[in-house]
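Some notes on the structure that comes next.
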Amino acid sequence: MSEIPVFVTLGSVLNMKKIRSIYIILLSIILLNIFGMTVSAESEELSLIAHSDFESANFENWSTLGGQSEIRINSEKAASGNYYLSATERQKSWSGPCLDITDIVNPNSNITVSAFASGDTEVMISMKYVDSNGTENYKTFAQEICSSDDWTKLEGEFHISDNMVELILYFQTPDGLDDFSIDDVRIYSDVSNIVSERSNENGEYFFDFENGTEGWIPVGEMSLLNTNKFSYTGTHSLQASDRTIYWNCPSVRINAKNGVCYNYSAYVMFNSNDSNDMRRFALKLNYVYNGSNVYSEITSKNLHQGSWSKLSGEFILPDSASDVHLSVQTNLISENGNVDSSDDLISFYVDNVSVKDCSGYKKQKKIATTIIFVVSAILTAVASFIIHILIKRSRASRAIIRSASFDAMTGAYNRNAYEEELKQLEANPEKCRNIFVTTCDVNGLKNINDNYGHENGDKAIKRCASLLLKTIGRRGKVFRTGGDEFICITNEDLTNELITEMTIESGKYKGYPFSAAFGTACHDDELDGKTPDIKAIIARSDKEMYKNKKSGN
């Protein structure tokens, strides 16, 4: 904004005309700036495409840049919620928490990254990107001096150009190796109304999400990620999470022809511990018709938790419809229009979305129906085949639900199962009188990773898990609660057996040094009081484990 110095002194002689001119100029400048700011604000329509608040108590796809530091999930004092991510044991100033965002951003777009940082150092948000020539580039676009006593907000913008083929977002310090923490990392994009290029000349589409989000965008404040956690076919699907209102959903712009009948279909799955077994999902179209936004439901259906289900329906766009978007949504449970439960905001997965011209398909369907009625034997065979497929899918869905409780890498129960076990023990404290809690940690994992390679580090973790599972067997449960951290809940004290087995196993050299520390605790009336407290027992077992680690036994 231009500054116009106006000096008023007792000796100034200005006539009324000049005074009015000055006021008009000043008023014009103020109005122009206000108008300019309003236009700027309106033009910045940002969509939240990723959000990491670490409330799942895991790394949420974050790692360390170059492996020259370690990251941990902490819960002492988060910027929001209960958990945050800390970078420790840093060997390089540029090594800190990093996230691969290649598949969640779009070429020729601008992203805004905001985060909160804590630590007695200066923290920077930077981007490592590889261009189409294979050249690595680095750019810092936000930095602030932080304090360990409070959380400081960092925010900056970065432009994604067409020639960027890999992008890694990371946090670092300008110099020094001070520890620092981050929380509530949000990534926004200014790309909206993306027209997918995955259509043919008839306006037909197929999205299997094997190549990123494939033009799909989040509606409202939520996260939309390409994930390999679940898939109907192939290896990837689209995950909709961190929803803040019931109409948050994944959406894609399509060029379906007006007046043509299309069949729309999508496979959907939800798998939430907080959700009812059944939820209603819908395929919907949003388009502009006669100058107004129209929302039309193609089809809706009640889906069961834990298995992929198909939504399918037909729709004909009116002749003057334009700006068409297809979306997969959950229906609001409450009849009064209010979000009454977490079920309204559940996360879900989408795969194999298709849009097909069905005008010719209807004629073929009539012929096929006639043949089916004539040939009864074919009907019987088809019915038998469908029953076989349903049984097979039912078994597969049970296997998916079961696998959700286990750690794929080690075969032990995962963090979700551990949290569920804690809830049960906290709700029934008397059960804690008859259990033993053993905490286990692989010794020198960082040394193995640094000097013998991360592959051997993973082998050490698997080796420890295998020993725990073999020794404990059916006498308890083994949970993997972190990278190399395990907690065992058993019905008897198995510490001596575990130490004996570990002594034998550590004597077998398999290309890297291997040992682990153990600590066991149980309820103690003098220490815990009359009412058992599972968290107090775990804390004492953890303390015993560190004593064992320091003693070197």
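The values are calculated or read from the model by the stated rules, or taken from the named source; none is laboratory data. Since we're looking at a predicted model, the values are computed, not measured. No Cβ is skipped: glycine too gets one built from the backbone with ideal geometry, and neighbour counts run over all protein chains shown.
Would you mind stating whether TYR188 is at pLDDT 90 or above, in a strand (DSSP E or B) and of a type outside the set (Gly, Ala, Ser)? So TYR188 fits the description; yes. Scan region 279-299 and give yes if some residue there is more than 15 Å from GLN329 (Cα to Cα) and of a type in the set (D, E, K, R), otherwise no. Among the residues of region 279-299, not one is more than 15 Å from GLN329 (Cα to Cα) and of a type in the set (D, E, K, R), which makes the answer no. Between SER296, SER292, the distinction of being surrounded by fewer than 16 Cβ atoms within 10 Å (Cβ to Cβ) and either among the hydrophobic types (A, V, I, L, M, F, W, C) or touching a Leu at 6+ places or on another chain (Cβ under 8 Å) (or both) belongs to SER296 only.
Just one residue in the set GLU70, GLU60, GLU55 is modelled with pLDDT under 90, in contact with a strand residue (DSSP E or B) (Cβ under 8 Å, 6 or more places away or on another chain) and surrounded by 16 or more Cβ atoms within 10 Å (Cβ to Cβ); that residue is GLU60. Among the residues of region 250-268, none qualifies, meaning not one is closer than 13 Å to TYR349 by Cβ and at pLDDT below 90.
Is one or more of the residues making up region 448-468 under 22 Å from LEU422 (Cα atoms), out of contact with any strand residue (DSSP E or B) (no Cβ under 9 Å at 6 or more places or on another chain), in contact (Cβ under 8 Å) with a residue 60 or more places away in the chain and surrounded by fewer than 21 Cβ atoms within 10 Å (Cβ to Cβ)? Within region 448-468, none of the residues are under 22 Å from LEU422 (Cα atoms), out of contact with any strand residue (DSSP E or B) (no Cβ under 9 Å at 6 or more places or on another chain), in contact (Cβ under 8 Å) with a residue 60 or more places away in the chain and surrounded by fewer than 21 Cβ atoms within 10 Å (Cβ to Cβ).
For region 120-142, the criterion of being at pLDDT 95 or above, under 23 Å from the mean Cα position of the chain (by Cα) and not in a strand (DSSP E or B) is satisfied by no residue at all. Against the conditions (1) at pLDDT below 95; (2) surrounded by 15 or more Cβ atoms within 10 Å (Cβ to Cβ), GLU166 satisfies every one except (2).
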